[in-house]
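Structure record follows, encoded as structure tokens.
The values are calculated or read from the model by the stated rules, or taken from the named source; none is laboratory data. Quick caveat, the model's predicted, so the values are computed rather than measured. Methodologically, a virtual Cβ is constructed for each residue, glycine included, from the backbone with ideal geometry; neighbour enumeration extends over all protein chains shown. Side chains included, ligands, DNA and RNA excluded: accessible areas come from the protein's heavy atoms. Shrake-Rupley method; radii C 1.70, N 1.55, O 1.52, S 1.80 Å.
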Amino acid sequence: MTLPPGMPDLDVLDLLVSVAELGSLGAAARRHGISQPAASMRISALERRLHLRLLDRGPTGSALTEAGRAVVDHARPVLDAARSFSVAVSALRAGSVPRLRVAASKTIADHRIPQWLQALRGVHPEVAVTLEVANSSQVLELVRREAADIGFVEGPHPPADLGSRVLGADELVVVVAPAHPWARRRGPVPLRELAATPLLWRESGSGTRDAVWEVLSAYGDPARPAAELGSAAAIIATAQTAVAPAVLSRLIAAPELERGTLFEVPVADAAALTRQFRAIWRPRFPPAGPAKLLADIAERTESFD
């Protein structure tokens, strides 16, 4: 049985699915590394080929039509099959089981990677995954040295020399022990006061440290650290002694906040204490096959959190 004439290209179907997942044509264009006008032209060509109007275009943006949503639903299994085909052909070409080398920062490795890999395994159980866990700076180096096919980091800015995609945002919170004076204060801590306070810091190269340092540096040089520690577990244990406040990812602090061994301190302008989770890769080798699927899974998971 031959394919019917006028079958659309997989790339433009993938672009349409991205519009559905991200909610805008501009965001989909950025994901695919093309301009918004180029993305619009590709969708228009697909509409002409299918004889369907897929997007409602207006001054405030574009939205999928009912026909567009139906086409996306039909396109998803086609694209999943195409990815499986690509992985299988790559494995045949390599003569071995497909492998994916992942590097991830400690926060992401502990709190996100397990569920992402579980979802990947549901689609590609044959892929052998190796995971290297380090701080964000070290993950960048692993990707640059081609020791990892894809990396996952957190921090305030994308690396200038690597390709990247924002997956979602991570909230940072200020925590203290119940015996610390800040546990009993009534008003929020201004960022200026936080900057002037000796804190428990992660080591240099940590995505958490970089994000907090950038925010507090707007108020002058942050105070000398009360201590610099190489893991979130060490920071939690030290913070519980009431020696100093700490700034941690809410993902990490949540169990201790629930148990009451740490208290969250309200912060004025708390929205500034956020950082972004990113997938990173070498520009010449953008994610493909299992690596791209893992990045897609990560972005979809973060968008629903």
Criterion violated by M41 - all others in (1) open to solvent by 20 Å² or more (accessible area, probe 1.4 Å); (2) of a type outside the set (S, T, Y); (3) in contact with a strand residue (DSSP E or B) (Cβ under 6 Å, 6 or more places away or on another chain) satisfied = (3)
Report yes if some residue within region 1-10 is free of Cβ contacts under 8 Å to residues at least 24 places away in the same chain, in a helix (DSSP H, G or I), out of contact with any Pro (no Cβ under 6 Å at 6 or more places or on another chain) and over 22 Å from I297 (Cβ atoms); otherwise report no.
-> no
Within region 79-96, identify whether any single residue is aromatic (F, W, Y) and touching a Ser or Thr at 6+ places or on another chain (Cβ under 8 Å), and answer yes or no.
-> no
Does any residue of region 258-279 turn out to be under 21 Å from I113 (Cα atoms), open to solvent by 30 Å² or more (accessible area, probe 1.4 Å) and at pLDDT 90 or above?
-> no
Residue by residue through region 49-77, note down the ones that are within 25 Å of the chain's Cα centre (by Cα), touching a residue at least 12 places away in the same chain (Cβ under 8 Å) and either part of a helix (DSSP H, G or I) or surrounded by fewer than 14 Cβ atoms within 10 Å (Cβ to Cβ) (or both).
-> G61, V72, A75, R76
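Quick check on this structure: which one of G230, G220 is more than 12 Å from V247 (Cα to Cα) and under 23 Å from the mean Cα position of the chain (by Cα)?
G230
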Would you say V215 is buried (at least 20 other Cβ atoms within 10 Å of the Cβ), in contact with a helix residue (DSSP H, G or I) (Cβ under 7 Å, 6 or more places away or on another chain), in contact (Cβ under 8 Å) with a residue 24 or more places away in the chain and in a helix (DSSP H, G or I)?
-> yes
